[in-house]
Amino acid sequence: MIRVFLVDDHPVVRAGVRFILERSGEVTVVGEAISGEEALEKLAKTATEVDLAILDLSLPGIDGIACARRLKELRPNLKLLALSMHEEAEYAERFLAAGGSGYLGKSSIEYELMDAVKALARGEHYVPQNLLYAMIQHRQEEPRPTPEVLTERERSVVRGIAMGMTYKQIAAELELSEKTVATYRERAASKLGLSSRAALTRWALEVGLLDET
């Protein structure tokens with residue numbers, strides 16, 4: 001049985017999603033929240049195992065993308081699926097960069113929700129074909145961010161990450177606290193639309209950041 005947590009501020013949407021999930025006989029909804037803050041609070045306190053969280057992007061308070069990033073810090077193994085009225089490539093890219101594993105427009109819930117849920121439960125990613133094509137086109141048209149979009153401190157932190165240094169090592173080298181290093185990393189990741197250490201390292205190599213003195 002796939003254990004799902006729902007995060008959406010619209011009761012009708014939550015009820016509809018719950019109905020589709022539970023009628024399959026393969027999913028049980030183990031919790032709900034109406035905001036990102038409530039989701040973080042509940043998932044931090046509960047001992048219940050959760051396989052997958054389904055998030056709306058347009059949440060009150062912190063949005064779905066920020067919530068996704070914090071949920072992955074809280075529960076690294078939790079799979080995240082966005083259900084959003086925004087079906088543009090840039091939203092999907094930002095959500096996936098924040099740690100999401102799947103993205104689905106709300107217009108496709110009835111036909112694709114269970115396919116998406118089961119794909120994520122298998123450890124796969126899920127993006128509808130039309131949106132995947134739009135993301136490829138968007139990537140081809142969008143220039144790669146240059147190091148100049150980052151401050152000097154942000155570049156130094158990303159350079160350290162790309163060199164395989166820990167936060168503690170970077171903090172010692174830059175004479176900063178580890179918390180400050182983490183803040184610079186978060187700011188850089190947000191500006192670049194990247195989140196994982198691997199993605200930041202790849203970008204740093206591609207733009208020659210490690211060649212800077």
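The values are calculated or read from the model by the stated rules, or taken from the named source; none is laboratory data. Everything numeric here is computed off the predicted structure, so don't read it as measured data. Methodologically, a virtual Cβ is constructed for each residue, glycine included, from the backbone with ideal geometry; neighbour enumeration extends over all protein chains shown. Accessible surface areas use protein heavy atoms only, side chains included; no ligands, DNA or RNA. Shrake-Rupley method; radii C 1.70, N 1.55, O 1.52, S 1.80 Å.
From helices alone, the chain scores -16000 deg cm²/dmol at 222 nm; the rule is -39500 (n - 2.57) for each run of n ≥ 4 DSSP H residues, then divide by the residue total.
For segment 1-135, the alpha carbon convex hull comes to 90 Å³ per residue, rounded to a whole number.
Placing one equal scatterer on every Cα of segment 58-213 and applying the Debye formula, the log10 ratio I(q)/I(0) at q = 0.09, 0.13, 0.14 Å⁻¹ is -0.34, -0.67, -0.77.
Heavy-atom accessible area for ARG70, with the other protein chains in place and a 1.4 Å probe, reaches approximately 120 Å². Given a Förster distance of 30 Å, report the FRET efficiency between GLU178 and ASP9 from their Cβ-Cβ distance, rounded to the nearest 0.05. Working from the Cβ atoms, E equals 0.30.
May I ask for the net charge around ARG18, where only other residues with Cβ less than 12 Å from the Cβ of ARG18 are counted and Lys, Arg are +1 while Asp, Glu are -1? The partial results should precede the final answer.
On the way: positive: ARG14, ARG23; negative: ASP8, GLU22, GLU32.
Cβ neighbours under 12 Å give a net charge of -1.
Between ALA97, ALA68, ALA89, the Gaussian network model of the chain with springs among Cα atoms under 10 angstrom shows the greatest mean-square fluctuation at ALA89.
When the Cα positions of SER107, GLY25, LEU83 are compared along the charge dipole of the chain, GLY25 comes out farthest toward the positive end, with charges on each C-beta of Lys, Arg, Asp and Glu. Around the amide H of GLY105, modelled in the peptide plane, lie the amide H atoms of SER84, all under 5 Å away and 5 or more residues distant in sequence or on another chain.
Excluding same-chain neighbours fewer than eight residues apart, the lysines reachable from LYS42 by a Cα-Cα span under 30 Å are LYS72, LYS79, LYS106, LYS118, LYS179, LYS191. Using θ = phi - 60° in the Karplus curve 6.51 cos²θ - 1.76 cosθ + 1.60, the 3J(HN,Hα) couplings for segment 37-51 round to 4, 5, 4, 5, 5, 5, 6, 6, 8, 6, 9, 5, 6, 10, 8 Hz; x is entered for Gly and Pro.
Where the only charges are on Cβ atoms (+1 Lys, Arg; -1 Asp, Glu), what is the dipole of the chain about its Cα centre, to the nearest 20 debye?
Numbers: 27 positive and 33 negative charges, 114 e Å.
Charge dipole, the chain, about its Cα centre: 540 debye, nearest 20.
Taking Cα atoms only, the orientation of helix 109-121 departs from the longest principal axis of the chain by about 60 degrees. Placing TYR126, TYR111, TYR103, TYR167 in order of accessible area, with the largest value first and a 1.4 Å probe, yields TYR111, TYR167, TYR126, TYR103. Shown for segment 82-194: the carbon plus sulfur share of the solvent-accessible area, taken with all protein chains present and a 1.4 angstrom probe, equals 49%.
Using a 1.4 angstrom probe, figure out how much accessible area the chain has per residue, in square angstrom, rounded to the nearest whole.
Details: 11220 Å² over 213 residues.
With the other protein chains kept in place, the chain gives 53 Å² per residue.
The length gained by stretching the chain between PHE19 and LEU132 to full extension, at 0.36 nm per residue less their Cα-Cα distance, is 38.0 nm. Note on segment 11-75: semi-axes of the ellipsoid equivalent to its C-alpha gyration tensor, largest first and rounded to whole Å, are 20, 15, 10.
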